[in-house]
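The block underneath contains the structure these notes are about, expressed in structure tokens.
Taken together, the values in this text are just the output of simple stated rules run on the coordinates, not laboratory data. None of the values given here were measured: they were computed from a predicted structure. Because the Cβ atoms are built from the backbone with ideal geometry, glycine has one as well, and the counts that use them run over all protein chains shown.
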Amino acid sequence: MLNRLRQSLSKTTAALGGALSGLFTRKLDEALLQEIEDALVSTDFGVETSAQVISLLRDRCHKAGRAGAEQWPQQLQELLQEMVQPCVGSLAIPASPRPYCILVVGVNGSGKTTTLAKLAHHYQASGHRPLLVAGDTFRAAAVEQLGSWAQRLNCPIITGAHGGDPAALAYQAWQQASQQGNDVLLIDTAGRLPNKPNLMAELQKLPRVLEKLDVTAPQQRWLVLDGTTGQHALRQVELFQQAMPLTGLIVSKLDGSSKGGMIVALAASFKLPIIALGTGEQLDDLQPFVAEDFAASVLPEMGSVEVG
Ligand SMILES: Nc1nc2c(ncn2[C@@H]2O[C@H](COP(=O)(O)OP(=O)(O)OP(=O)(O)O)[C@@H](O)[C@H]2O)c(=O)[nH]1
Ligand SMILES: [Mg+2]
């Protein structure tokens, strides 16, 4: 599992390892702390989170005395693990209510539809009976894209008229799921810029309509973030959160040129659960977020470093 995560995140996590390479054998002092901070900023930790990490690392290593100065890479790894630990989310679905509604939102192209297919695959494999909802009714290609995943998954899908109201479709899907015994409703939505009020108003209508059927629906509102967008993701979280209280984040495309620091920045800035990580375009490229594995893959193979 760790190897798999390491492998999938290898490009992402190599970024910090690369930026820190050459520093591991040095003892910690203020000059080195500055260089570590630069490495963090350059790998998408962002200015604020980098400063926070450095301040915590300084205190921690200081407390550990001489050993602290030498073992700073281990201290840094533990620190990163502790920072992301409170944000470890879960894909697990409680025993009730039924259907359990998961709404997926995000900007254009962030990976929503692909993530939804991966979620359907995951829930099928864990014994659930998902129903896909093609809530991106504006582009025929979007409906076709989800439809072809549904076919591959042999998973039922509900689609509406082109340009139809996504909220009305979700309402209809909830009723169908409840009649036909589908326990998980996976609702796709059109990509949207969160600074466009009319698009956000349309998104807000979806939970309002579902609440009429079940006051607790949709139980999950997950924002899918493209892992390669770095610090821009933080602004997206803020804006989507203003429109609709989010219950979790999924970071996609971590197999690409992303730099893992944004995950730590997300954890430090929002305290929202990180539900899973997308690490490719295939159905099983969705990994649970495990703090220890993440920290281990961000700073790999330090055990062998000799401090001089
Ligand atoms: N490498 C990689 N590509 C991904 C991942 N997730 C999605 N993609 C690709 O990113 C592109 C956009 O993915 P979609 O799932 O269509 O994104 P979307 O958010 O539904 O896009 P819109 O509906 O247009 O807003 C597609 O080419 C996907 O195959 C991932 O984890 N890794
Ligand atoms: Mg889509």
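Full-extension gain between K196 and E144, please, as 0.36 nm times their residue separation minus the C-alpha to C-alpha distance.
Stretched fully, the K196-E144 segment lengthens by 16.1 nm.
For a quick check: with amide H placed at 1.01 Å from N, whose amide H comes under 5 Å from I158's, ignoring anything fewer than 5 positions away on the same chain?
Excluding prolines and chain starts, which carry no amide H, the hits are L132, V133, A134.
Quick one: of the DSSP bridges fully inside the chain, what percent are antiparallel, nearest 5?
The antiparallel fraction comes to roughly 10 percent.
With runs of 4+ DSSP H residues as the only contributors, calculate the mean residue ellipticity of the chain at 222 nm using -39,500 (n - 2.57) per run, divided by the residue total and rounded to the nearest 500.
-15500 deg cm²/dmol
When the Cα centres of segment 203-246 and segment 111-147 are compared, how far apart do they sit, in Å?
Rounded to whole Å, the Cα centres lie 17 Å apart.
Could you tell me the number of lysine pairs in the chain with C-alpha atoms less than 19 Å from each other, where the two lysines are 8 or more residues apart or belong to different chains?
Value for the chain: 8.
Return the long-range amide H neighbours of V184 (sequence gap of 5 or more, or a different chain), with a cut-off of under 5 Å between placed amide H atoms.
Amide H neighbours of V184, under 5 Å, 5+ apart: Y100, R129, L131.
Please name whichever of L146, W222, N198 sits farthest to the positive end of the charge dipole of segment 100-289, dipole taken about the Cα centre and charges placed at Cβ: Lys and Arg +1, Asp and Glu -1.
Checked the options; the winner is N198.
Give me the distance in nm between label points sitting 7 Å out from Cα along the Cα-to-Cβ direction at A168 and Q241, one decimal.
Between A168 and Q241, the simple spin-label model gives 3.5 nm.
Let's see if you can work this out: charge +1 on each Lys and Arg Cβ, -1 on each Asp and Glu Cβ, no other charges. What is the dipole magnitude of segment 128-201 about its Cα centre, in debye to the nearest 20?
Using Cβ point charges on Lys, Arg, Asp and Glu, segment 128-201 gives about 120 debye.
Place a +1 charge on the Cβ of each Lys and Arg in the chain and a -1 charge on the Cβ of each Asp and Glu, then give the dipole magnitude about the Cα centre in debye, rounded to the nearest 20.
640
Let me know the charge dipole size of segment 165-251 about its Cα centre in debye, to the nearest 20, where only the beta-carbon of Lys, Arg (+1) and Asp, Glu (-1) is charged.
240
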